[in-house]
1. Got a sec? How would Ile107, Ile65, Ile33 order by Cβ neighbour count within 10 Å, fewest to most?
2. Using a 10 Å cut-off on Cβ atoms, rank the peptides 35-42, 116-123 from the highest mean neighbour count down.
3. Which value, in Å³ per residue, describes the convex hull spanned by the Cα atoms of region 23-135?
4. Once the piece of chain linking Ala124 and Ser32 is laid out straight, how much longer is it, given 0.36 nm per residue of separation minus the C-alpha distance between them?
5. What does the extension gain come out to for Asn102 and Lys49, with contour length at 0.36 nm per residue minus their alpha carbon separation?
Amino acid sequence: MLLQRPHLLQQLDEDASRSLSMLGGLVGLGRSIMVGVMSLVALEVMETKQAVTNAYLVGGCLALIVTLNVGRLESWMPRRWVVTGGLLSLVAGANIFLFVDNWLLGIGIGLVAVSAGVFSVCLALFIMDFIAKRDFVLA
């Protein structure tokens, strides 16, 4: 049985729905690159499982620090610039994976994880902007 969309989400206009779905797609893109591609490339370049684990540890710590501070970033700049920063982080992480063959892969992993975290936090915030607080109980 398919789940029905909450009534309040059905009331969103077409532009808002398209924007939110594109942002959701970027969340999925960042996470799928992290799981599917980066681990294989890192293992091929670094040649040991321990080095890949250390690279993911460095990347995870970087992503944790940035993702926990998305609210602070949003207080300093508009949310669309925070999302743009997440997109630039995804592009920078992908470029590191294309052109670097050393320990900087941990930074690339972290940048892609940062983009996934920023996109998911901003997606949740955008959705909460469209649904009034009193309507959360109804949905």
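Any read-out appearing in this document is the output of simple, stated calculations on the displayed coordinates, not a laboratory observation. Here the structure is a predicted model, which is why all the values come from computation and not from measurement. Cβ sites come from the backbone with ideal geometry, for glycine too, and all protein chains shown count toward neighbours.
1. Values: Ile107 17, Ile65 12, Ile33 20.
Going from least to most buried by this count: Ile65, Ile107, Ile33.
2. Values: 35-42: 14.6, 116-123: 22.9.
Result, highest mean first: 116-123, 35-42.
3. 100 Å³
4. 31.2 nm
5. 17.6 nm
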